[in-house]
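Shown below is the structure under consideration.
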Amino acid sequence: MSEDYLVIGDKKFKSRLFVGTGKYSTPELMLGAIEASGAEVVTVALRRMNIEGQQRTILDYLAEINCTILPNTAGCYTAEEAIRTARLARELGLSNMVKLEVIGDQKTLFPDNEALLEAARVLVKEGFIVLPYTNDDPVMAKKLEDIGCAAVMPLGAPIGSGLGIRNPYNIRIILETVRVPVIVDAGVGTASDASFAMELGCAGVLMNTGIAGAKDPIKMAKAMRLAVEAGRLAYLAGRIPKKLYASASSPMDNLIE
């Protein structure tokens, strides 16, 4: 496992768990959860940052730990908004890697795939490493790969729902359709959800509410870390095939007499 890195664009990570920074009651709790998760990549939604009247911003707190900040265009409802937000993040010196969101519906927070493709094309041409949040649609995943996205991030379930992976069959088809890393984004509620995503063969999992909304975020962050590691190891090991009937652990044939 020490040699098992996640490679996205020109970047390489040991941890396959990406975490967000929203919904924590205090910055200190956020930092504790991030450290417990072992995550190297931390998302920050620029449009939701409150910097007015604050002596320290979320970026100041994140500077205390060793992490790669992944700017997030959360809250953008048009391609133009998302492109502008990504450019602002790069101008601030954060990263040329961006989690691209273009929301199409306020109630479900499902992505607007047409606007997502439009924004992704522009940002890829401008040299961004684009990680698009998309529906669990294999056709859209392939289109995003074809225009140069460095990964695809299909939702497991609606953002913040905690429902887990609702359509594992589509995720499996996406894994067969694209060659770039597939990172499940949204819907993870507990450790078994994260482990399941990794056992399917996903390259990573991104979550926020599943950790921040737990009764004990730090314990949940550690649980998610272990679940991602266990799911990845199980995938690499290769599970036994499922059978309808029993198969003896100690067969009676070929016994030594």
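What dipole magnitude, in Debye to the nearest 20, does the chain give about its Cα centre under +1 on Lys/Arg Cβ and -1 on Asp/Glu Cβ?
Its charge dipole is roughly 160 debye.
Hey, what D do you get for region 113-252 in µm²/s if you plug the Kirkwood alpha-carbon radius into Stokes-Einstein at 4 °C and 1.567 mPa s?
80
Still on this structure, please answer the following. If you stretched the chain out fully between residue 146 and residue 177, how much longer would it get, using 0.36 nm times the residue separation minus the C-alpha to C-alpha distance?
Value of the extension gain: 10.0 nm.
Another question about this same structure. Any idea what the dipole of region 120-257 comes to, in debye rounded to 20, about its Cα centre with Lys/Arg Cβ at +1 and Asp/Glu Cβ at -1?
Result for region 120-257 is approximately 220 debye, rounded to the nearest 20.
Which of the listed residues, 138, 213, 241, is farthest toward the dipole's positive end in region 138-257, when Lys, Arg count +1 and Asp, Glu count -1 at the beta-carbon?
After comparing all options, I get 213.
Can you check what the net charge comes to around residue 4, using other residues whose Cβ is under 13 Å from the Cβ of residue 4 (Lys, Arg +1; Asp, Glu -1)? Numbers along the way, then the final one.
Values: positive: 12, 14, 16, 232; negative: 3, 229.
Every neighbour counted, the sum reads +2.
Work from the charge dipole of region 12-148 (Cβ charges, +1 for Lys and Arg, -1 for Asp and Glu, about the Cα centre) and give the residue of 75, 104, 94 farthest towards its positive end.
94
In addition: Among the lysines, which have Cα under 21 Å from the Cα of residue 215 when same-chain residues fewer than 8 positions away are ignored?
23
Residues with amide H under 5 Å of residue 129's amide H, sequence separation 5 or more or different chain, H placed in the peptide plane at 1.01 Å from N; which?
It is 97, 98, by chain and number.
Dipole of region 91-198 (Lys/Arg Cβ +1, Asp/Glu Cβ -1, origin at the Cα centre): which of 160, 191, 123 lies farthest to the positive side?
Checked the options; the winner is 191.
Output the 0 to 90 degree angle, nearest 10, between the alpha-carbon long axis of helix 79-91 and the longest principal axis computed from the alpha carbons of the chain.
The two axes meet at around 80 degrees.
Among DSSP beta bridges lying fully in region 1-120, give the percent that are antiparallel, nearest 5.
The answer is about 35 percent antiparallel.
Let me ask something else about it. Per the 1.4 Å probe, what fraction of the accessible area of the chain, in percent, lies on carbon and sulfur atoms?
Result for the chain: 51 percent of the exposed heavy-atom area is carbon or sulfur.
Now for a separate question. When you count, for each residue, the other Cβ atoms within 10 Å and take the mean per peptide, how do 109-121, 170-182, 200-212 rank with the highest first?
Highest mean packing first, the order is 200-212, 109-121, 170-182.
Given R₀ = 22 Å, what would the calculated FRET efficiency be for residue 107 paired with residue 219, taking r from the Cβ atoms and rounding to 0.05?
Computed FRET efficiency for residue 107 and residue 219: 0.10.
So for the chain, what are the equivalent ellipsoid semi-axes in whole Å, largest first, each being the square root of 5 times an eigenvalue of the Cα gyration tensor? All intermediate terms of the calculation are to be shown ahead of the outcome.
Numbers: eigenvalues 224, 98, 53 Å².
Each semi-axis is √(5λ); the values are 33, 22, 16 Å.
Determine the equivalent ellipsoid of region 162-217 by diagonalising the alpha-carbon gyration tensor, then write out the semi-axes as square roots of 5 times the eigenvalues, largest first, rounded to whole Å.
So the equivalent ellipsoid measures 22, 10, 8 Å along its semi-axes.
Given Cα pairs under 8 Å that are at least 6 residues apart, what percent is the relative contact order of region 1-149?
16
Any idea what the relative contact order of the chain is, in percent, if you count C-alpha pairs under 8 Å spaced at least 6 apart?
Value for the chain: 18 percent.
Next question. Which percent, to the nearest 5, of DSSP beta bridges fully inside the chain are antiparallel? Show your work: numbers first, answer last.
Values: 4 of 25 bridges.
Percent antiparallel among DSSP bridges in the chain is about 15.
As a test of the definition: which semi-axes, in Å, follow for region 1-136 when you take the square root of five times each eigenvalue of its alpha carbon gyration tensor? Largest first, please.
Largest first, region 1-136 gives 24, 20, 15 Å.
Angle check, please: helix 217-237 long axis (alpha carbons) against the longest principal axis of the chain (alpha carbons), in degrees 0 to 90, nearest 10.
50
The values are calculated or read from the model by the stated rules, or taken from the named source; none is laboratory data. Keep in mind the model is a prediction, meaning the values are calculated, not measured. Cβ coordinates were reconstructed from backbone atoms using ideal geometry, including for glycine residues, and neighbour counts include every protein chain displayed. With ligands, DNA and RNA removed, areas are computed over all heavy atoms of the protein, side chains included. Shrake-Rupley method; radii C 1.70, N 1.55, O 1.52, S 1.80 Å.
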